[in-house]
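The values are calculated or read from the model by the stated rules, or taken from the named source; none is laboratory data. In this text, all values refer to a predicted model and were calculated from it rather than measured experimentally. All Cβ positions, even for glycine, are placed from backbone atoms using ideal geometry, and neighbour counts span all protein chains on display. Accessible surface is based on the protein model in full, side chains and every heavy atom, while ligands, DNA and RNA are left aside. Shrake-Rupley method; radii C 1.70, N 1.55, O 1.52, S 1.80 Å.
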Amino acid sequence: MTNNRIAVRSTALGYPRIGSDRELKRALEAHWSGRLDAEGLERAAAAVRAEMLDDLSVLDSVPTGVFSYYDHVLDTAFAVDAVAPRHRRGDALASYFAAARGDAEAAPLEMTKWFDTNYHYLVPEIGPSTAFAARPEKAVAEFLEARERGLDARPVLVGPVSFLLLAKPEDGAPEGFRPLDRIDDLVEVYAEILAALGRAGAGLVQLDEPALAADRSAEELAVVAAAYRRLVGVAEILVAGGYGPFGESLPVLLDAGVEGIALDLVRGRSDLEALEALNVSRETFVLAGVVDGRNIWRTDLHEAARLIERVRAVSDRVEVSSSSSLLHVPVDLSSETALEPELLARLSFARQKLAEITALADPDGPRASRQATPDAWRDDAVRERLAALGADADRRTPYADRRAAQAERVPLPPLPTTTIGSFPQTAELRKARAAHRQGLMIDADYHARMKAEVAAVIAEQEKLGLDVLVHGEPERNDMVQYFAEQLTGFATTAAGWVQSYGSRCVRPPILFGDVARTAPMTVPWTSYAQSLTDKPVKGMLTGPVTILAWSFVRDDQPLADTADQVALALRDEVADLEAAGTAIIQVDEPALRELLPVREAPRAAYREWSTRSFRLATSGVRPETSIHTHLCYSEFGVVIDAIAALDADVTSIEASRSKMEVVADLGRAGYASGVGPGVWDIHSPRVPGAAEMAAALRLAVAALGTGRVWANPDCGLKTRRYEEVVPALEGLVEAARTVRAEA
Ligand code: GLN
Ligand code: ZN
């Protein structure tokens, strides 16, 4: 126990960079719209960096270079000059934003999800002749900014192996080329950057290798070994992961001679056992990542202190740290005055997490255990109902029979046309919502405004000649928050913003207790829409996995149990929709892919509980009621079995950007029910012509046969304008008619 009285140092792997009041978001958007010049933007950015350093200065050592104008992977691409020729402009900032957002001349880099988070990074494009060159200016400048304040600063960069593993081959790269083939050239440029940092006075440098939290082949591990053997000759290197255990990469990194390793002791605790078994030198520098960088619950300081002790048993050089960058949590709890005290007392945002880290580093600091979940947050009725349902969450009738019953109830032409749910959120709608929120518009007026919008959306769809209509979702601020606000066990924050990509931030609800539905959440809207038309109107719900993925979720019980509770609430909503006469109910699961574990081993269990919770939500209906689902990403390989296991009657999916490849994949996977491959990429303002959409439909019909294919866009239309939506949907209806006539 005497050991406990020795202080350890404190640090964190990274920090929110959008500003505590989203100052950078506003400055960026003003700059992009021409209202703020580059100098003004840089002033705003410097203020955000100063605020970050103010916060981080409570730590013994401070990560630097973690500020970003848009994305840290893009920053790394610029640091090694891996800038696509189409994004090169006279001015560095213009090049940067051209790559991030596109401009009149060039499409942006592709954006994709960062591991199992809701953060999106920009995908670097690498080719055989990408001319890497060292551009250490940003890293050096931010290091010096911290040093000038007398801080012990540690530059942070995305490591070379992850950078290449996260990249994609540039257009026109030869068949078989992989970005990782360029590792030797890239490592030389990293060596130059490290040398420049060294000349500026940097000691230890943190290289983030989050891609090593995924399964890596022997060949990739050999690349890791060679890259790090070279780099440890130039600088002292700390390798951080942050998204689970290093696993097989851990001994490789240590063997390569890295100075230190940052362990994720929240999700990657097996690394600690590995470290204990490895018999490493006591000189190995270890960051004990015991404060969760991915969630907003207070740390169990008692438990964390025990973990730190275990690390200290193998190493004499330990620092307390966050498990990942704190990028994924909001900055400060102090604006959350409306939260109930019991909940507030259990929360910790980035600033509070820094205080936890320093408390753990202090031998006399508090060591309180996590408080138990209050009884008031427990709902025995929900638990008893779930227990009574047991493992039985499946529809009674096999798909083939359901299909016949559904066709009889709602006769539809081949290639039925529909949309994914939302219609444009116009400026007037957003204005009405803001006025309502600020108390300037009374409930009755707001409701009347939203009903008028539903009526207009129904009339528009009838005019377009769509077969299955939607109410348009005008009343929903967000597809998760809308439900979170109506379910027990959820709270929403006033300012709990988290960066999703670039200037875009989301405010995830907090799922803290048992979840139950107290009243129908969507039925009046759907029923009202149905009362206006003879065409079928789809009910529209968000699925349990997506509700979890886009919330901060309690960590005192398995995710699977929490998912089942959400599913049960949705099951009641589905039943009420059905009772109100809704023949088609869509339950969206756009985040099914996102929560898929990074490593293969835990994936089977994930597929099991995620699809079960979806079936639990949807299996209560009669055979003649049709369940639709919607998934919006095109990388299906890894979840294709899961899609089948949802047992939906129709699945609409993103397909236009991948040129319908997914349809063939579904055909091969033996997926037997209806498919709506998106034929219009709604992420782009471009309106495809009817001929182009007809060609896409023909590909789908060729792979799957008529009778199973639906015609719809890739995703909801809320971000588009009517000027695009009307002609695109006219073309979609025409395309479906054309291809129908050919059958
Ligand atoms: N029904 C939702 C909409 O149309 C689906 C959104 C999504 O897939 N992200 O907006
Ligand atoms: Zn979608």
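Observations, loosely collected:
- Count of residues meeting criterion [closer than 13 Å to Thr417 by Cα and within 15 Å of ligand 1 (Cβ to nearest atom)] in segment 698-731: 6
- Against the conditions (1) surrounded by fewer than 24 Cβ atoms within 10 Å (Cβ to Cβ); (2) more than 18 Å from Val382 (Cα to Cα); (3) over 29 Å from the mean Cα position of the chain (by Cα); (4) among the small types (Gly, Ala, Ser), Ser551 satisfies every one except (3).
- Candidate set: segment 255-275, residues that are out of contact with any helix residue (DSSP H, G or I) (no Cβ under 9 Å at 6 or more places or on another chain) and small (Gly, Ala, Ser); chosen: the one nearest to Arg310 (Cα to Cα): Ser270
- Candidates Ala405, Ala387, filtered to the one that is of a type in the set (A, V, I, L, M, F, W, C), surrounded by fewer than 20 Cβ atoms within 10 Å (Cβ to Cβ) and free of Cβ contacts under 8 Å to residues at least 24 places away in the same chain: Ala387
- Residues (within 24 Å of the chain's Cα centre (by Cα), within 23 Å of Arg26 (Cβ to Cβ) and hydrophobic (A, V, I, L, M, F, W, C)) located in segment 49-77: Met52, Val66, Phe67, Leu74
- Verdict on Arg282 being open to solvent by 10 Å² or more (accessible area, probe 1.4 Å), assigned to a loop (DSSP other than H, G, I, E, B) and touching a helix residue (DSSP H, G or I) at 6+ places or on another chain (Cβ under 9 Å): yes
- In segment 625-743, counting only helices (runs of 4 or more DSSP H) that sit wholly within it, the ones holding 2 or more residues that are closer than 19 Å to Lys538 by Cβ and in contact (Cβ under 8 Å) with a residue 12 or more places away in the chain span 722-742.
- Number of the condition not met by Thr625 [criteria: (1) more than 16 Å from ligand 1 (Cβ to nearest atom); (2) within 28 Å of the chain's Cα centre (by Cα)]: (2)
- For Tyr121, the criteria (1) closer than 20 Å to Gln206 by Cβ; (2) modelled with pLDDT of 95 or more; (3) aromatic (Phe, Trp, Tyr); (4) not in a strand (DSSP E or B) hold in every case but one, which is (4).
- The selection criterion, being more than 30 Å from Leu568 (Cα to Cα), in contact with a strand residue (DSSP E or B) (Cβ under 9 Å, 6 or more places away or on another chain) and modelled with pLDDT of 95 or more, does not hold for Leu511.
- When restricted to residues that are touching a Phe, Trp or Tyr at 6+ places or on another chain (Cβ under 8 Å) and open to solvent by 20 Å² or more (accessible area, probe 1.4 Å), segment 658-686 contains 2.
- Among the residues making up segment 594-635, those that are surrounded by 23 or more Cβ atoms within 10 Å (Cβ to Cβ) and within 16 Å of ligand 2 (Cβ to nearest atom) are Phe614, His628, Thr629, His630, Leu631.
- Residue match in segment 538-557 (condition: at pLDDT below 95 and within 16 Å of ligand 2 (Cβ to nearest atom)): no
- Test set (1) part of a helix (DSSP H, G or I); (2) open to solvent by 20 Å² or more (accessible area, probe 1.4 Å); (3) of a type in the set (Gly, Ala, Ser); (4) under 28 Å from Gly201 (Cβ atoms) - Ala146 fails condition number: (2)
- For segment 654-674, the criterion of a residue being among the basic types (Lys, Arg), at negative phi and away from ligand 1 (no atom under 15 Å from the Cβ) is satisfied by at least one position.
- Filtered residue count, segment 259-279, keeping only those that are in a helix (DSSP H, G or I) and surrounded by 17 or more Cβ atoms within 10 Å (Cβ to Cβ): 4
- Matching residues, segment 636-653, being at pLDDT below 90 and open to solvent by less than 40 Å² (accessible area, probe 1.4 Å): Phe636, Val639, Ile640, Ala642, Ile643
- Checking Thr582, Thr542, Thr493 one by one, the residue that is within 16 Å of ligand 1 (Cβ to nearest atom), of a type outside the set (D, E, K, R) and touching an Asp or Glu at 6+ places or on another chain (Cβ under 7 Å) is Thr542 and no other.
- Candidate set: segment 643-653, residues that are within 16 Å of ligand 1 (Cβ to nearest atom) and touching a helix residue (DSSP H, G or I) at 6+ places or on another chain (Cβ under 9 Å); chosen: the one nearest to Glu600 (Cα to Cα): Ile643
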